[in-house]
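Participant: My questions all concern the structure below.
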Amino acid sequence: MKRIASFTVNHDVLVPGMYTSRVDGDITTYDIRMVVPNCGNYLENATLHTFEHLFATYARNSDLASQVIYCGPMGCRTGFYFLVRDMKPEDAIRLVRETMDFVGSFNGEIPGASRRECGNYREHDLTGAKAIAEKMTSVLADWTPARLVYPE
Ligand SMILES: [Zn+2]
């Protein structure tokens, strides 16, 4: 089998940020990297889970909602993939930044976190989700389309 594109990224030089993982026609997959890979600290499942619920809620209610395809956690627990259609890179960065602001200041009931709505409704951590959002807010503060290219 072929080695897929995301395995060709050099994870030894990857630092938190936002990168273009791949482009398939009008669909772009962004890599929202939140922790340094292979450094012993990974996002907890409960943290990722709550972040996912809030990320999806915000992105799918934003002015760019119709261009949002998917957002979900990486199995290695170091970040998220964010798939969009026909969206300008500067708009994708803005949307991700706004998402971090939304999650970082979120209070109240986690959307979609009832037993009926979620497959693991007890495994949530709003405090953890807010902490990674606050961290990513500063990481992405000066992010530009030129910085979407993976470090070599
Ligand atoms: Zn869930």
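Participant: If I ignore ligands, DNA and RNA and count only protein heavy atoms, how much of E134 is accessible to a 1.4 Å probe, in Å² to the nearest 10?
Facilitator: Here the residue's solvent-accessible area equals roughly 110 Å².
Participant: Let me ask you something else. Among the aspartates and glutamates, which fall within straight-line cross-link reach of K88, defined as a Cα-Cα distance under 19 Å, with same-chain neighbours fewer than 8 residues apart omitted?
Facilitator: Candidates past the 8-residue exclusion: D24, D26, D31, D63, E98, D142.
Participant: Taking a label point 7 Å from the Cα of E44 along the Cα→Cβ vector, which residues of region 95-131 have an amide N closer than 13 Å to it?
Facilitator: The answer is 123-131.
Participant: Ratio of the chain's C-alpha Rg to 2.2 N^0.38 Å, to two decimals?
Facilitator: Computed over Cα atoms of the chain, the ratio equals 1.01.
Participant: What is the gain in length, in nm to one decimal, between A141 and E117 on full extension, counting 0.36 nm per residue of separation less the C-alpha to C-alpha distance? Present the calculation step by step, with values, prior to reporting the outcome.
Facilitator: Numbers: separation 24, 0.36 × 24 = 8.64 nm, distance 3.34 nm.
Taking A141 through E117 to full extension adds about 5.3 nm, to one decimal.
Participant: Taking the solvent-accessible surface of protein heavy atoms with a 1.4 Å probe, what is the per residue accessible area of the chain in Å²?
Facilitator: Here the residues of the chain average 55 Å² of exposed surface.
Participant: Given springs between every Cα pair under 10 Å in a Gaussian network model of the chain, which of F106, F80, F55 has the largest fluctuation?
Facilitator: Residue with maximal mean-square fluctuation among F106, F80, F55: F106.
Participant: Still on this structure: Would you kindly find the accessible area of R147, with a 1.4 Å probe and non-protein molecules such as ligands, DNA and RNA excluded, rounding to the nearest 10 Å²?
Facilitator: 110 Å²
Participant: Oh, and also: Are there any GluC sites (Glu not before Pro) in region 1-97 that are in a DSSP loop and have at most 15 other Cβ atoms within 10 Å? List them by number.
Facilitator: Values: sites: E44, E52, E90; in loops: E44.
Taking region 1-97 and a limit of 15 other Cβ atoms within 10 Å, the loop GluC sites (Glu not before Pro) found are E44.
Participant: For K135, K130, K2, K88, what's the largest-to-smallest order of accessible area, 1.4 Å probe?
Facilitator: Result, largest first: K2, K88, K135, K130.
The values are calculated or read from the model by the stated rules, or taken from the named source; none is laboratory data. Owing to the predicted nature of the structure, the values given are computational and were not obtained by experimental measurement. Cβ coordinates were reconstructed from backbone atoms using ideal geometry, including for glycine residues, and neighbour counts include every protein chain displayed. Ligands, DNA and RNA are stripped out before the accessible areas are found, and what is left, the full protein with its side chains, is counted by its heavy atoms. Shrake-Rupley method; radii C 1.70, N 1.55, O 1.52, S 1.80 Å.
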